[in-house]
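Comments concern the structure below.
The values are calculated or read from the model by the stated rules, or taken from the named source; none is laboratory data. Computed from a predicted model, the values in this text were never measured in an experiment. We place every Cβ from the backbone using ideal geometry, glycine too, and count neighbours over all the protein chains shown. Keep in mind that these areas ignore ligands, DNA and RNA; they rest on the heavy atoms of the full protein, side chains included. Shrake-Rupley method; radii C 1.70, N 1.55, O 1.52, S 1.80 Å.
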Amino acid sequence: MFECGGVAIGLCISHRIVDDLCIQNSLMRGVLLQIRVASATFVFSNLAISNLRRLAQGAGQFSRVQLVTALIWKALIRVAEAKHGQLRPSIITHLINMRGRTSTSLPISKDSCGNIIMPASVRFTPEKMGNKVEFDELVSLVCDAITNCVKDCAKPKNGEDLFLMVDSAWKKAAEESKRNEVVSYFFTSTCGMPFYPDFGWGKPVRVTRKESFAEEIIVLMDTRDGDGIETWISLEENDMPIFQEDPDIMAFTSQRDHHNDDQSIFLRSKC
């Protein structure tokens, strides 16, 4: 309870009920390399997303999540370039919710519990892109990967086929991310989920996570008005200042929090 009359409500949910972000630890570079991770929160307003849509040269073709993912990926590619002195191959893995997207012979309710997700991986190869990093090309790659993954969700006709498809997708994503020359990042989105519930007092002023991640991960969530996207970004500690100063990040986002104290920088062991 607060003197102003407000109240904070905390919620803890078991991953037996909701999807588990750490379903494949081999995708988490921070876990494997024991790196220090810093976190920050960036907000893409509805206006910023509209401007991104115009830049993508395909109004109506791309979703908010795809546009924001592509811009963040572009900035991350340039972070790796600044560190290594040249463009590096890069892979992002985006979690796809399979609920409501399976075939009619294998219906899965949108309210189903458990890990009903699969990865959509997309790769940036400098040579194929003419050694350039173009936003419209990246968003097209992201869109194609997510669209194809959603189509794949409808292919299995029984539970065994579904399990084998998801298992194969995770193994492929893990193999790609472990290549030495590749820089990989992990994305997940909760956009569209009811994370601003009205308990009788109106919508909450702010919904956020208590924890900071001990891995390099990017989480996307709706803003309070439902039109923008709030991104919770955790990167290697030395990469965060470079990311924050990226011209696109500075132009299209406002920074809400920067968790640079000792309590939100983690050293994660292999165990």
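Among the residues in region 165-176, are any without any contact (Cβ under 8 Å) to a residue 24 or more places away in the chain and aliphatic (A, V, I, L, M)? No. Figure legend. Inter-residue proximity from region 226-245: first residues under 15 Å from Ala80 (Cα atoms), second residues open to solvent by 30 Å² or more (accessible area, probe 1.4 Å) and among the aliphatic types (A, V, I, L, M), beta-carbon distance below 8 Å, spacing 6+ or different chains. Indicated pairs: Ile242/Ala82; Gln244/Met250. Only one entry in Ile23, Ile35 is at pLDDT below 75, open to solvent by less than 40 Å² (accessible area, probe 1.4 Å) and over 25 Å from Val133 (Cα atoms), namely Ile35.
Taken over region 125-181, the criterion of being farther than 23 Å from Leu106 by Cα, over 19 Å from the mean Cα position of the chain (by Cα) and hydroxyl-bearing (Ser, Thr, Tyr) is satisfied by Thr125 alone. Screening Asn131, Asn158, Asn97 for residues that are without any contact (Cβ under 8 Å) to a residue 60 or more places away in the chain and either open to solvent by 70 Å² or more (accessible area, probe 1.4 Å) or under 20 Å from Ile17 (Cα atoms) (or both) leaves exactly one candidate, Asn131. Scanning region 128-162 for residues that are under 23 Å from Gln57 (Cα atoms), among the acidic types (Asp, Glu) and in a helix (DSSP H, G or I) yields Asp136, Glu137, Asp144.
Looking across region 63-89 at every residue that is closer than 22 Å to Gly130 by Cβ and not in a helix (DSSP H, G or I), the one that is most open to solvent (accessible area, probe 1.4 Å) is identified as Gln86. Applying the condition of being farther than 21 Å from Thr190 by Cα and part of a loop (DSSP other than H, G, I, E, B) to region 105-127 and asking which residue is most open to solvent (accessible area, probe 1.4 Å) yields Pro107.
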